[in-house]
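First up is the structure itself, then whatever we jot down about it.
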Amino acid sequence: MRARKQETDERLLVEAAQRDPRRFGELYELHFHRVYAYVARRVGRREEAEDVTSEVFHRALAKMGTYEWRGVPFSAWLIRIAANAITDQWRQVSRESDDPVPEDLEDGTAEDIEQCAALSQLVRELPDDQRRVVVLRFVEQKSIKEIAKEIRRSEGAVKQLQFRALTKLRAQMEGANA
């Protein structure tokens, strides 16, 4: 029920942004951390991750009119754009330095995108406190101590919330892949 409402809300945001590009900011706010985390894990340097993430949202805004809702989270489309932007950047760098494009950038990106979209959906379905801990820990890369301070819980409570969330996500991902 909750997942369906989120899907409907996201679809309405997408349609609003397609009618009025000024509404794209809402989609940006909703998906920035997820896209940035995806890019940062693949490019390494913070400045580079910021540049690529910016490019992803510029490309997405420019192509909003061509986006078609197919029941897949909007973040999957953004992750595909991010994967392409990373590959484009590596190609440009490799042309300038004669280094080959890393093979792992070109292999399996569709599978990565699907897994990322599925995981994103599962994280959205977690109870609020677990979801917040997962986002703070793995997207914003904060320490247990920082999270505890931010959500006003003990470090032990944060660890327990993280453990429960990861256990639930692992079980759901394994069930989906079975």
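The values are calculated or read from the model by the stated rules, or taken from the named source; none is laboratory data. Note that this is a predicted model, so its numbers are computed, not measured. A quick note on method: Cβ atoms are made from the backbone with ideal geometry, for glycine too, and the neighbour counts reach across all protein chains shown.
Looking across E155, E140, one residue alone is surrounded by 12 or more Cβ atoms within 10 Å (Cβ to Cβ) and touching a residue at least 24 places away in the same chain (Cβ under 8 Å). It is E140. If you check L78, L136, L169, L161, which single one turns out to be outside the structural domain of D51 (by TED's automatic domain parsing), modelled with pLDDT of 90 or more and part of a helix (DSSP H, G or I)? Every option except L161 fails the conditions.
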